[in-house]
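Where a number appears in this text, it was derived from the coordinates with a stated rule and is not lab data. Predicted model only: the values in this text are computed from it and were never measured. No Cβ is skipped: glycine too gets one built from the backbone with ideal geometry, and neighbour counts run over all protein chains shown.
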Amino acid sequence: MIPYGRQHITQEDINAVIRTLNSDFLTQGPQIDIFEELIAKYCGCKYAVAVSSATAALHLACLVTNLHSEDEVWTSPNSFVASANCALYTGAKVKFVDIDSVTYNMSIDTLIKQLEFSRHSKSLPKVLIPVHFSGQSCDMKEIYELKKKYDFKIIEDASHAIGGLYQGKPIGSCEYSDMTVFSFHPVKIITTGEGGMITTNNEEYYKKLIQLRTHGITRDPKNMTTETEGPWYYQQIELGFNYRITDIQAALGISQLKRIDEYVLKRNTLAERYHEKLNKLPLVLPTVLSDRLSSYHLYVVQLSDEAKISRGHCFNELRNANIGVNVHYIPIHLQPYYQNLGFKVGDYPVSEAYYTNAISLPLYPGLTLDAQDYIINTLYNLLK
Ligand SMILES: *Cc1c(COP(=O)(O)O)cnc(C)c1O
């Protein structure tokens, strides 16, 4: 089976992991600091905090914004469930903002309408989590203008999008947000096995994130409530978690980061090739706006109205041909857990219509041109 996404591991990556296994530290060692510094430098932001997953990163980012049980968090329905679950972990309420039908990101027009409506009903969000779907940035400048007007915090869920650019700046620079979250799951752009990162320019957030990652504990006498009792002494200041990444994972991340631009370029080249060869078929192909570079985590096509077969049929035929297509995403609000919270079919119609027709084609740096041609030819035979 050709998978829809796959990690790319080199001998250099393997050597880096082995060096760490032979070192003094398997966790909380020097590799984590180096990984964080390199990511901060790559993104052009002040601080980076590595954690055990993007889900952990989203949870901590929500916590440091001081969410309480009456607060609302708004995110995109066209995302992985973690983008919304992170708000529920803090006790806050979740609402969604429907997507636009061009980028499949949160629609700015819908967001404006929803904010205006919520201002009257006094239910404005405390935190907005735009998701850079498939690796293409949301309209961050517009969202930032709305933040100034309506006073919410912005956490970018850039789990798909490390290596992408928005108006020439790296995603993760936090120029138009309070924090940005990345995922290093193996299907994402670079991997640490499991892993995540939060970037920010806010020193206060940075210090809190570091503390919450390790149980809410501090070893820095400056942060203690009393004089330190000795070199062994630490204090738990707040209720945190064990959300640490290991040194083994960080070593892999450092090694992978060296090839990030190569990976993004390769993904873009393959996407371009899909584009050229599929544009005669009854498919809606992805659109990347001119002021951004997508990291192309996903290449999603939608069956258009002219297609003679259904999405389900097309999907099954591709799977039968050993092509590991996938669907991103089942709208979060349609999950049984969210329907139990009161969401229902019809709440976010653009994301639902998109979902009905979407298929993610295989796209990853190791996808060979032969394999890609086989996928393209199979689609031709199905749809022509
Ligand atoms: C993968 C993903 C996550 C979760 O990432 P993990 O590192 O697996 O926790 C969150 N949000 C989006 C949009 C994702 O694609």
Quiz item: Going through segment 303-354, which trypsin sites (Lys or Arg not before Pro) have at most 12 other Cβ atoms within 10 Å and a DSSP loop state?
Solution: Lys308, Lys344
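Across the chain, where is the longest run that never hits GluC sites (Glu not before Pro) in a DSSP loop with at most 13 other C-beta atoms within 10 Å? Present the calculation step by step, with values, prior to reporting the outcome.
Values: sites that count: Glu70, Glu227, Glu229, Glu238, Glu306.
Within the chain, the longest run free of exposed GluC sites (Glu not before Pro) spans 71-226.
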Practice problem: Enumerate the lysines that Lys384 could reach by cross-link, defined here as Cα to Cα under 29 Å, with residues fewer than 8 away along the same chain left out. | Solution: Lys266, Lys277, Lys280, Lys308
Quiz item: So, counting K/R as plus one and D/E as minus one, what does the shell of residues with Cβ under 11 Å around Ile375 add up to?
Solution: 0
Self-check item: Folded to 0 to 90 degrees: helix 140-150 orientation relative to the chain principal axis, Cα
Solution: 60
Quiz prompt | Vicinal HN-Hα couplings computed from phi for segment 247-253 (Karplus, 6.51 cos²θ - 1.76 cosθ + 1.60; Hz; Gly/Pro x) | solution = 5, 4, 5, 4, 4, 5, x
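Of Lys122/Lys147; Lys113/Lys208; Lys93/Lys122; Lys126/Lys222; Lys46/Lys126, which pairs sit farther than 22 Å apart, going by alpha carbon to alpha carbon? Don't jump to the answer; show the numbers that get you there.
On the way: Lys122/Lys147 16 Å; Lys113/Lys208 34 Å; Lys93/Lys122 14 Å; Lys126/Lys222 30 Å; Lys46/Lys126 24 Å.
Exceeds cut-off: Lys113/Lys208; Lys126/Lys222; Lys46/Lys126.
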Quiz item: How far apart, in nm, are two points set 7 Å out from the Cα along the Cα-to-Cβ line at Ile34 and at Lys148?
Solution: 4.1
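Counting alpha carbon pairs within less than 8 Å and at least 6 residues apart, what relative contact order, in whole percent, applies to segment 115-160? Present the calculation step by step, with values, prior to reporting the outcome.
Numbers: 44 pairs, mean separation 22.7, N = 46.
That works out to 49 percent.
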Quiz item: Å³ per residue of the Cα convex hull, for the chain?
Solution: 142
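Could you work out the local net charge near Gly29, counting Lys and Arg as +1, Asp and Glu as -1, over the other residues with Cβ closer than 12 Å to its Cβ?
On the way: positive: Arg19, Arg244; negative: Asp24, Asp33, Asp247.
Charge balance in the 12 Å sphere: -1.
Per DSSP H run of n ≥ 4, the term is -39500 (n - 2.57); total these for the chain, divide by its residue number, and report the mean residue ellipticity at 222 nm rounded to 500 deg cm²/dmol.
Values: 13 runs with 148 residues, N = 384.
Computed mean residue ellipticity for the chain: -12000 deg cm²/dmol.
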Self-check item: Square roots of five times the Cα gyration tensor eigenvalues for segment 110-256, Å
Solution: 32, 24, 12
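Quote the Stokes-Einstein diffusion coefficient, in whole µm² s⁻¹, for segment 1-114, based on the Kirkwood radius over alpha carbon pairs, a temperature of 4 °C and a viscosity of 1.567 mPa s.
Values: Rh = 17.6 Å.
Calculated translational D: 74 µm²/s.
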Exercise. Determine the shape class of segment 283-351: with a ≥ b ≥ c the square roots of the Cα gyration tensor eigenvalues, call it rounded for a/c under 1.5, and otherwise prolate if a/b is greater than b/c, oblate otherwise.
Key: oblate
Quiz item: Scattering from the C-alpha atoms of segment 188-254 alone, worked out with Debye: what is log10 I(q)/I(0) at q = 0.26 1/Å?
Solution: -1.12
Quiz item: To the nearest Å, what is the center-to-center distance of segment 292-340 and segment 175-230, using C-alpha atoms only?
Solution: 34
Quiz item: Short version: ³J(HN,Hα) in whole Hz for each residue of segment 84-92, in order, from phi by Karplus 6.51 cos²θ - 1.76 cosθ + 1.60 (θ = phi - 60°), x for Gly and Pro, what are they?
Solution: 9, 4, 4, 6, 4, 4, 8, x, 6
Self-check item: segment 46-121 - percent relative contact order, Cα under 8 Å, separation 6 or more
Solution: 25
Practice problem: May I ask you to derive the relative contact order of segment 68-218, considering only C-alpha pairs under 8 Å and at least 6 residues apart, and to give it as an integer percent? | Solution: 16
